[in-house]
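Readers should treat all values here as calculations from the given coordinates under stated rules, not as data from a laboratory. The structure displayed is predicted, hence computed values, not measured ones. Neighbour counts run over all protein chains shown; Cβ positions are idealised from the backbone, glycine included.
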Amino acid sequence: MRGRVVAITGGAQGIGLATAQACAAAGMTVAIGDIDATMAADAAAGLGGTAVGLAVDVSDPVSFAAFIDETERRLGPLDVLVNNAGIFVGGVFAEQDPAAIERLLAVNIAGVLHGTRLALDRFGPRGEGHIVNLASSGGLLAVAGAATYCATKHAVVGFTRSLRAELHGTGVRTTIVCPGHINTQMTSGFSKLPGVRVLEPSEVGDAIVAALRSCREEVVVPAELGAVVRMRALLPQRAGDAMFRAGGGDRLILGGDKSAQAKYARSVAAANTSDGSHA
């Protein structure tokens, strides 16, 4: 791991920052990208060493390309790209703002595709490199009040699995990371469900570094959430839906703190940005 160059989008706070810290601790050379250039620079300064913080709007392919180009100019050839940037739009689908939905699609799906293409332009000719795409438990399960968000995260899972098949034998690796309920600004308005652990971002960052070391292709954090996903997949549809409702899954967002959810939505709208968090 030592000396490998990693670029992390949405890296100024939340899961992105925790991943940057874990990568730096493992000896990697880190570039933090965030739509807030000042926050990115401050986060990089906190890492010390050769870390750099740069502005990037992942929904804009020109901005994304400039971020990768500047990372390589300052730090050397890219070895790892972590497509972490993501935003959340919650609430009943029929009542959601169409403009907010378009921004969600642009960041959560288009941003991942832009970054992946840029990474493959570099990794493909060299026959090595690693792309880590942050999905979510919402990419493996369906949660009421998060229809569009879950659609974007299901897309990330399906895209990365297809990409893995295309890249087989090329030396280029992919990893999908699906965090559950993580203690970030994004999830501050979510309900706390009985029996479900709320993890710190550092635990996701550590899991990402472990996946880079082992080349693990799919990671669910916490691990026990993976068992829930597998059980749900084995059950008939009605039984699976009933189990999920009984466990409080449909109350996670719709039964949460509406004022906290609105505060997060305003912060995203004001900054037109990702907070580097995932749920």
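So the values come out like this:
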| quantity | calculated |
| --- | --- |
| Additional length obtainable on full extension of the chain from A165 to R238, 0.36 nm per residue less Cα span | 23.1 nm |
| Rg/Rg_ref, the range 86-221, where Rg_ref = 2.2 N^0.38 Å and atoms are Cα | 1.11 |
| Once exposed loop GluC sites (Glu not before Pro) are cut out (DSSP; at most 14 other Cβ, 10 Å), longest piece of the chain | 1-127 |
| Rounded tilt (10° steps) of 201-214 against the dominant C-alpha axis of the chain | 60 degrees |
| Options (i) 52, 46, 36; (ii) 56, 33, 29; (iii) 51, 41, 31 - which one matches Cα extents along the principal axes in Å as calculated here | (iii) |
| At R0 = 45 Å, FRET efficiency that the Cβ-Cβ distance of D97 and S202 yields, to 0.05 | 0.85 |
| Net charge over other residues, Cβ less than 14 angstrom from the Cβ of R245 (K, R count +1; D, E count -1) | +1 |
| Mean separation of Cα contacts under 8 Å, 6 or more apart, over the residue count of the chain: relative contact order % | 23 percent |
| Debye equation applied to the C-alpha atoms of the range 36-144, log10 I(q)/I(0) at 0.10, 0.14 Å⁻¹ | -0.36, -0.67 |
| Dipole of the chain, positive direction: furthest Cα of G127, A110, F64, with charges on the beta-carbon | G127 |
| Rounded to 10°, Cα long-axis angle of helix 37-47 versus longest principal axis of the chain | 80 degrees |
